[in-house]
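FYI, it's all coordinate maths here, none of it is from the lab. No experiment lies behind these values; they were computed from the predicted model shown. Here the Cβ positions follow ideal geometry from the backbone for every residue, glycine too, while neighbour counts run over all protein chains shown.
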Amino acid sequence: MTQDGELDNLVRKRIRSLRVAKGWSLDDLAARCFLSPSTLSRIETGHRRIALDQLAPIARALETSLDQLVETAADQDVVIRPRRDEAHGVTSWLLSREAGPQGTTVAKLRVTQPASTRPPQTLGVHPGRDWFTVLSGTVELVLGERTILVEAGEAAEFSTMIPHAFGAHGGPAEILCILDHDGRRTHLHPGKT
């Protein structure tokens, strides 16, 4: 099969899968994209070539982008591998490969060292806000002069213009965090936490 044929087949499967996931019949999708149900049926089954002037309204009707509908299936590694920063006791898993809205990144962190042992001059400051929820253990959040304990099942959100650091309290802790561009650069690069 040619690469174009493989892509056509992939797009056809995506159209059908998105339609079925919405619980729509061919008639339902046809009414939303102004194509006949028979045309859509032939597109989905491969009995008709997909034209760009048909693909754009189909993508709109399915509430997806044309780019997402036709992106090639990369054979990239689907396993998210941890990155370890032994010096700072942080292991991170970058859960979003691309930045989301407003440049946000989702990451899971496992922290093993307390934040309160860090000298005050090493507390980070950057524009934006950080948000995290504790999955397990207890996290020690240092915000300026305050130390706040955030336990499993709790979340924290704070201005990152306040000198801050976070770490483990009483044993390893795992957090799920949402970071903006500056937060990602500060908290996820080796040598920084």
Notebook entry, point to check: Spin-label point model (7 Å from Cα, Cβ direction): what's the V20 to A152 distance in nm?
Noted result: 3.9
Note to self: Starting from the Kirkwood Rh over alpha-carbon pairs, what translational D in µm² s⁻¹ does the stretch 3-70 have by Stokes-Einstein at 4 °C and 1.567 mPa s?
What the structure shows: 111
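Rounded to the nearest 0.05, what FRET efficiency is calculated for L10 and D85 with R0 set to 30 Å and r the Cβ-Cβ distance? Numbers along the way, then the final one.
On the way: r = 38 Å, r/R0 = 1.27.
Plugging the Cβ-Cβ distance into 1/(1 + (r/R0)^6) gives 0.20.
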